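The values are calculated or read from the model by the stated rules, or taken from the named source; none is laboratory data. Owing to the predicted nature of the structure, the values given are computational and were not obtained by experimental measurement. For neighbour counting, all protein chains shown are included, and Cβ atoms are generated from backbone atoms with ideal geometry for every residue, glycine included.
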Amino acid sequence: MRTACWITLFTVLNAAACGSRVVVGELGSGNAAGGASQGSGGSAGGAAPGGGVAETAGTAGQACAGTLNAAAATVVAACPDAAPDIGSPCDAQTENSVCVWQIPDSTGGASRAYRALGCYAGLQGKLWLGGDEQQSGPLDSIDSSCPKHAPALGAACPSVGNRVETCIYPADYCECSSIAPGKWLCTDQHGGKLSPPTQDERICVPAELDETQRVKDMGPKLTALWCQWLAQLTGKMVALSGKDSPGVADSYGYQTLSTPEFNVCLASLPPELCAQNLDSRGSECTATVGQLDDCVQTILALPNGGWVGHGCAPLLANPTCAGVTVQPFSGPTDMHLSDPASPASCVVPLQ
């Protein structure tokens with residue numbers, strides 16, 4: 001399990017434990033008034049409440065996982081020497097790679113900070129997204145040469161004589177000093193809390209689904225199967241509330257995803273309403289089932305620090321897929337949405 005206190009392009013979870021930081025965008029989850037609570041996770045290959053969906057090893061034999069937040073191999077890539085601006089393009093960077101820079105306190109104080117950014121797919125190219133976390137103590141001139149990824153314990157480090165090179169990363173604190181000359185000493189006891197999301201394995205899909213197929217070509221049988229699988233993935237079989245407005249589903253729990261480019265929500269719907277939306281709004285959608293899967297799995301994985309495939313950008317950038325499963329969201333995207341009195345709702349068109 002990743003630390004519960006982190007920042008992404010989205011939000012801070014467990015903010016009281018996180019200290020001072022710069023936030024870019026938000027992620028939230030919550031319930032519409034009278035709606036069912038949003039669940040996450042699922043059993044590996046297990047039966048969903050009310051009827052299970054058999055899982056397969058993934059389209060074309062690709063590796064996949066049976067549960068949310070199964071960490072994939074870390075994406076390691078060379079990082080720019082200087083810390084880029086948050087939200088700036090990263091088209092030359094490997095997608096889903098994360099880099100960390102030691103920087104001065106952005107508030108102008110005497111303390112130090114680190115900037116942790118990931119390079120993620122955006123609507124018009126890849127973007128650096130993440131944030132800064134302030135730390136105690138000054139930033140020594142040699143600290144700016146810290147590796148952009150946390151070194152392994154005992155890995156070789158350059159000799160610094162009687163000086164101490166200190167490097168702070170999400171969940172890691174490392175020193176190169178005379179205590180163990182030429183070797184990095186690292187501990188998670190003094191590491192930072194802020195981290196962009198890291199790549200998770202894609203979830204196994206039912207054997208009947210082809211993730212290279214276009215959404216518009218699924219048909220009622222496959223849309224019903226996909227929605228049953230999604231309900232299994234969230235771990236909850238939601239019943240009809242009887243409280244929806246005409247022509248929409250707007251009385252159910254949801255999770256949100258917000259970046260500088262978009263603000264969307266994923267409602268936790270009864271499978272029959274999920275399928276009704278997918279059949280009506282998806283009839284012209286040329287995105288692939290895999291792009292739809294990347295988006296919903298990323299939204300569900302984010303509370304525990306995960307990111308799946310290309311995220312939501314490919315689906316949301318496709319104008320033929322407006323209103324398909326993931327909806328525009330205009331409410332506040334913070335953790336206060338769990339308040340039953342919140343007027344915000346995730347409105348899902350059904351026709």
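A few remarks follow.
- Test: residue in segment 277-289 that is in a helix (DSSP H, G or I), within 13 Å of Leu257 (Cα to Cα) and of a type outside the set (Lys, Arg): no
- The set of residues from segment 313-325 being crowded, with 23+ Cβ neighbours inside 10 Å and either assigned to a helix (DSSP H, G or I) or touching a strand residue (DSSP E or B) at 6+ places or on another chain (Cβ under 6 Å) (or both) comprises Ala313, Leu315, Leu316, Cys321.
- Residue check, Ser159 of a type in the set (Ser, Thr, Tyr), modelled with pLDDT under 85 and more than 23 Å from Leu194 (Cβ to Cβ): yes
- Subset of segment 180-212 [in a loop (DSSP other than H, G, I, E, B), of a type outside the set (Ser, Thr, Tyr) and under 22 Å from Gly66 (Cβ atoms)]: Pro197, Glu201, Arg202, Cys204, Val205, Ala207, Glu208, Leu209, Asp210, Glu211
- Subset of segment 62-116 (residues that are of a type in the set (A, V, I, L, M, F, W, C), exposed (fewer than 13 other Cβ atoms within 10 Å of the Cβ) and within 30 Å of Pro206 (Cα to Cα)): Ala63, Ala73
- Just one residue in the set Gly219, Gly242 is farther than 20 Å from Ile299 by Cβ and touching a helix residue (DSSP H, G or I) at 6+ places or on another chain (Cβ under 9 Å); that residue is Gly219.
- Those residues of segment 152-179 which are assigned to a loop (DSSP other than H, G, I, E, B) and more than 32 Å from the chain's Cα centre (by Cα), in sequence order: Cys157, Pro158, Ser159, Val160, Gly161, Asn162, Arg163, Val164, Ser177, Ser178, Ile179
- Scanning segment 73-99 for residues that are part of a strand (DSSP E or B) and under 18 Å from the mean Cα position of the chain (by Cα) yields a count of 2.
- Selection of segment 172-221 for residues being in contact (Cβ under 8 Å) with a residue 24 or more places away in the chain, hydrophobic (A, V, I, L, M, F, W, C) and surrounded by 15 or more Cβ atoms within 10 Å (Cβ to Cβ) yields Cys174, Trp184, Leu185, Cys186, Leu194, Ile203, Cys204, Val205, Leu209, Val215, Met218.
- Segment 235-252 residues that are over 15 Å from Glu272 (Cβ atoms) and buried (at least 17 other Cβ atoms within 10 Å of the Cβ), paired with ones that are modelled with pLDDT of 90 or more and aliphatic (A, V, I, L, M) (beta carbon under 6 Å, 6 or more apart): Asp250/Val347
- Test set (1) at pLDDT below 90; (2) of a type in the set (D, E, K, R); (3) within 20 Å of the chain's Cα centre (by Cα) - Asp293 fails condition number: (1)
- For Cys274: the one exception among (1) surrounded by 20 or more Cβ atoms within 10 Å (Cβ to Cβ); (2) farther than 16 Å from Val347 by Cα; (3) not aromatic (Phe, Trp, Tyr): (2)
- Residue within segment 139-151 that is assigned to a strand (DSSP E or B) and closer than 24 Å to Lys183 by Cβ present: no
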